Amino acid sequence: MELNERADIDTGSIEDGRGSGGGGGIGGLPIGGGGLAGVVVTLIIALVGGYFGINTMGGGGGESTGQPITQCSTGAEQLQQLVCRNGLYVTSIQAYWRDELPQAFGEQYVPAKTHLFEGSVNTACGAADSGVGPFYCPADDKVYIDLSFYQVLSRQLGAPGEFAQPYVLAHEYGHHIQDVLGTEAEMRRRQERDPDSANQESVKLELQADCYAGAWANAAANTTDKDGDKIFTSLTGTDIQEGIQAAGQIGDDTLQQRGGGRVDPEQFTHGTSEQRQHWFRVGYESGDPKQCDTFKAGAVT
Ligand SMILES: [Zn+2]
């Protein structure tokens, strides 16, 4: 995978809250102690739905993830910076949906910001620490990510490939699409009517977000910045495999095994490794987000 050194980041898409001391805990209480972190994790998971399905408990932990996004410009050197690369991924994902959402679903795309944080953050969905991994908050329409999550993904979860990064972001933007289309709100109503179905509904929502990520991956090589410059200059089958590998490493069954526990399908919220890879491929191979109807009867069993 190569990014185009002339491509511009849509800086309006990114809020850089790193190093601002933002977050800081709930009501002035420090976050990060094991017990309290558990409470925070529970809170945010109850509210957002769009969390990534991992709980690394203090993974990341506020390590510095580099220069401010405002210092990114064009040029080969910028492409070495994690934050600048991620700025380009977000630019590509939003460019894709700006075109695709009206075509596929007849809806206007509403841009959503990505908020970068380190350690902990306050959101309209509550406070969270980076142990929950990246997530989308429908109450403020933002994707939240501590970029040190990628180290967790690489070192602890076995997904070291670079393309794992845009896959993660595209999955979270998939939740934004579900918010725009009302899919997420409908799902919540079904969960309320039938609490026994809550986990199965969550799995369908998550697999659809994986499928949307795949649909973006299919078109990523053609996405452009505001000047019409391509964002990616090369994207290969190896890159796509890295995305599929990442999807496999964060399946509920794999994570449960990694956690040393038994595999308990009743606790699944995001789908198995096999399901996550399957739905990413459905999106990637079709390039059509309309094929991502995981809620259709029999689509996910
Ligand atoms: Zn998700």
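All of the numbers you see were taken from the coordinates with simple rules; none came from a lab. Note that this is a predicted model, so its numbers are computed, not measured. Virtual Cβ from ideal backbone geometry, glycine too; neighbours counted across all protein chains shown.
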Q) For the range 122-142, which residues satisfy the criterion of being closer than 15 Å to E15 by Cα and either within 16 Å of the ligand (Cβ to nearest atom) or under 16 Å from the mean Cα position of the chain (by Cα) (or both)? A) T123, P134, F135, Y136, C137, D140, D141, K142
Q.
Need the failing condition index for K226 against (1) more than 19 Å from the chain's Cα centre (by Cα); (2) more than 28 Å from D10 (Cβ to Cβ), just the number.
A. (2)
Q.
Please go through (1) within 13 Å of the ligand (Cβ to nearest atom); (2) in a helix (DSSP H, G or I); (3) not hydroxyl-bearing (S, T, Y) for N199 and return the number of the only condition it doesn't satisfy.
A. (1)
Q. When you scan the range 224-301 for helices (runs of 4 or more DSSP H) that lie fully inside it, which ones turn up with 3 or more residues that are surrounded by 13 or more Cβ atoms within 10 Å (Cβ to Cβ) and of a type in the set (S, T, Y)?
A. 273-286
Q: Name the single residue, out of those in the range 158-182 being part of a loop (DSSP other than H, G, I, E, B) and crowded, with 21+ Cβ neighbours inside 10 Å, that is farthest from the ligand (Cβ to nearest atom).
A: F163
Q. Does any residue in the range 199-212 that is closer than 11 Å to F268 by Cα come within less than 6 Å, Cβ to Cβ, of a residue that is part of a helix (DSSP H, G or I) and more than 9 Å from the ligand (Cβ to nearest atom) six or more places away or on a different chain, and which pairs are these?
A. E201/M187; E201/R190; E201/Q191
